[in-house]
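Here the structure is laid out as structure tokens; the discussion comes afterwards.
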């Protein structure tokens, strides 16, 4: 942040200044965890299901935080404990104040804002778009998974003065959540990477998933731009005539003309047509789903008025397709941050298309699929069989359904630790292993030690 005064921060947050100098320099960023609080930070004490963060404001101030934003009942205690010069702000709803402060800073920056959501691939698309823009504009993007009603405002408040573009990822589990994020970010460009069967436990149907994602389109200002997959029928009812709509993918305005893979098998050259312009990119990846994500990112850049080109130095967030070379000539694709039927299909397809002596899939459950979860898991197992995957390792009881329609060699592990021991026994030189499941399974522990 940096630049605004303490008084500006209080006014923007709709908070009362209980301690500190209104004319003093404001914070550099906001945090909601006392363990992360450091010099220059505004600690925001949020009310949670189990604890009220405002009760810990004194600890954040003692750690050197710039100040604290808390509910009124915690303000007196925080002000009494505040070191000289520290600010204490009081607001009835600290989360709403955090969001209001982020919206005010977004406006103060005057940066272009791109919001990215989707059932799968939104984080990778965000990472690719940030890399495309970084050589053309001063860009700040969501890090890791700061994509919720808390994480998104924290991301905005990390942006330094002079930032020209904000690339913000938006997560969604239910209705109204994208709308809440749009109200904070006020995007100039909204990107929906895809729509698929995720969060069915809460939403019930893929049509309702599409409607929840399309809150992004609904709430964009007139004249803003949106990026959507070409020919996606689920989004057709939600398209608006007063938006500049850019379609991507086969048959779209941004599409892949050719891709020449590099000799190392990990990247290549992409030729893309983007609204009549030819875009040439050198990519460090070659997975078909990430090539499609690249088209979405190029479409968003074009909507911002940026023509990308050259080498794309994309650095994907952790646990998303990381390549790990194990001793003994075994290659592991660590893609265990999350999983749903769409991302499973993409990951298995890429596994099948990559040269290897054997292809091994270590799969945990796909969460939040509701009553159709069993069938969706069986369909993934059937696809693994059709793709010629050699070995399937299911992890956890809920993952057993994968094996019901899989014809190859199958193993069952109760825990990630058991899967790790099993993999150590069965993996052979030349194997390529995919490790994938929903975040709640904790499959990163398969690669521990």
Item checked: Residues located in the stretch 19-62, provided they are surrounded by fewer than 19 Cβ atoms within 10 Å (Cβ to Cβ) and part of a strand (DSSP E or B) -> 25, 39, 47, 52
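Any residue at all in the stretch 334-342 that is at pLDDT 95 or above and in a strand (DSSP E or B)? Full working, then the answer.
Restricting attention to the stretch 334-342, the residues satisfying the condition of being at pLDDT 95 or above are none.
No.
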Notebook entry, point to check: Do you know which residues across the stretch 137-177 are more than 19 Å from residue 215 (Cβ to Cβ) and modelled with pLDDT under 95?
Noted result: 143, 144, 145, 146
Notebook entry, point to check: Is it the case that the stretch 74-82 has a residue that's more than 15 Å from residue 17 (Cβ to Cβ) and part of a loop (DSSP other than H, G, I, E, B)?
Noted result: no
Next item on the list: Specify which of the listed residues (339, 352, 361) is within 28 Å of the chain's Cα centre (by Cα) and within 30 Å of residue 141 (Cβ to Cβ).
Entry: 339
Margin query: Quick test for you: out of 295, 280, 291, pick the one residue that is more than 28 Å from residue 380 (Cα to Cα) and not assigned by TED's automatic domain parsing to the domain that holds residue 442.
Written below: 280
Notebook entry, point to check: Taking the stretch 399-423 only, how many residues are crowded, with 17+ Cβ neighbours inside 10 Å and part of a strand (DSSP E or B)?
Noted result: 3
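Given the structure, is residue 387 over 14 Å from residue 339 (Cα atoms), surrounded by fewer than 17 Cβ atoms within 10 Å (Cβ to Cβ) and modelled with pLDDT of 95 or more? So that I can check it myself, show each step before the final result.
Details: over 14 Å from residue 339 (Cα atoms): yes; surrounded by fewer than 17 Cβ atoms within 10 Å (Cβ to Cβ): yes; modelled with pLDDT of 95 or more: yes.
For residue 387, the condition - over 14 Å from residue 339 (Cα atoms), surrounded by fewer than 17 Cβ atoms within 10 Å (Cβ to Cβ) and modelled with pLDDT of 95 or more - is met.
Are any residues in the stretch 424-437 in contact (Cβ under 8 Å) with a residue 12 or more places away in the chain and surrounded by fewer than 24 Cβ atoms within 10 Å (Cβ to Cβ), and if so, which ones? Working first, answer last.
The first filter runs over the stretch 424-437 and keeps only residues in contact (Cβ under 8 Å) with a residue 12 or more places away in the chain, leaving 426-437.
Those that are in contact (Cβ under 8 Å) with a residue 12 or more places away in the chain and surrounded by fewer than 24 Cβ atoms within 10 Å (Cβ to Cβ): 426, 427, 428, 429, 430, 431, 432.
Could you please find all residues in the stretch 84-136 being over 17 Å from residue 160 (Cβ atoms) and assigned to a strand (DSSP E or B)? Give the derivation first.
From the stretch 84-136, those over 17 Å from residue 160 (Cβ atoms) are 84-100, 103, 114-129, 131-132, 135-136; that's our starting set.
Hits for the stretch 84-136 are 87, 88, 89, 90, 114, 115, 116, 117.
Applying the selection to the stretch 224-243, what residues are within 23 Å of residue 291 (Cα to Cα) and either at pLDDT below 95 or in contact with a strand residue (DSSP E or B) (Cβ under 9 Å, 6 or more places away or on another chain) (or both)?
225, 226, 227, 228, 229, 230, 231, 232, 235 - these are the residues of the stretch 224-243 that are within 23 Å of residue 291 (Cα to Cα) and either at pLDDT below 95 or in contact with a strand residue (DSSP E or B) (Cβ under 9 Å, 6 or more places away or on another chain) (or both).
Taking the criterion of being farther than 24 Å from residue 338 by Cα, in contact (Cβ under 8 Å) with a residue 40 or more places away in the chain and in contact with a strand residue (DSSP E or B) (Cβ under 7 Å, 6 or more places away or on another chain), would at least one residue in the stretch 112-124 satisfy it? Outline the logic, then answer.
Let us first name the residues in the stretch 112-124 that are farther than 24 Å from residue 338 by Cα, namely 112-113.
Still in the list and also in contact (Cβ under 8 Å) with a residue 40 or more places away in the chain: 112-113.
Those left that are additionally in contact with a strand residue (DSSP E or B) (Cβ under 7 Å, 6 or more places away or on another chain): 112-113.
Yes, the stretch 112-124 contains a residue that is farther than 24 Å from residue 338 by Cα, in contact (Cβ under 8 Å) with a residue 40 or more places away in the chain and in contact with a strand residue (DSSP E or B) (Cβ under 7 Å, 6 or more places away or on another chain).
Just give me the residues in the stretch 364-374 being over 16 Å from residue 346 (Cβ atoms) and either at pLDDT 95 or above or crowded, with 18+ Cβ neighbours inside 10 Å (or both), in sequence order. Working first, answer last.
At the first step, the residues of the stretch 364-374 found to be over 16 Å from residue 346 (Cβ atoms) are 364-365, 367-374.
Listed by number, the residues that qualify are 364, 365, 367, 369, 373.
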Check: What is the one condition in (1) surrounded by 22 or more Cβ atoms within 10 Å (Cβ to Cβ); (2) closer than 25 Å to residue 230 by Cβ that residue 336 does not satisfy?
Finding: (2)
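Name the residue that is surrounded by the fewest Cβ atoms within 10 Å (Cβ to Cβ), counting only residues in the stretch 346-363 that are assigned to a helix (DSSP H, G or I) and out of contact with any helix residue (DSSP H, G or I) (no Cβ under 6 Å at 6 or more places or on another chain). Show your work before the answer.
Pass one, the stretch 346-363, residues assigned to a helix (DSSP H, G or I): 346-353.
When the remaining residues are screened for being out of contact with any helix residue (DSSP H, G or I) (no Cβ under 6 Å at 6 or more places or on another chain), the result is 347, 349-353.
Working: 347: 23, 349: 16, 350: 21, 351: 23, 352: 19, 353: 12.
Checking each candidate, the answer is 353.
The values are calculated or read from the model by the stated rules, or taken from the named source; none is laboratory data. Only a predicted model underlies this, so the values are computations on that prediction, with no experimental measurement involved. Please note: Cβ atoms are built from the backbone with ideal geometry, for glycine as well, and neighbour counts cover all protein chains shown.
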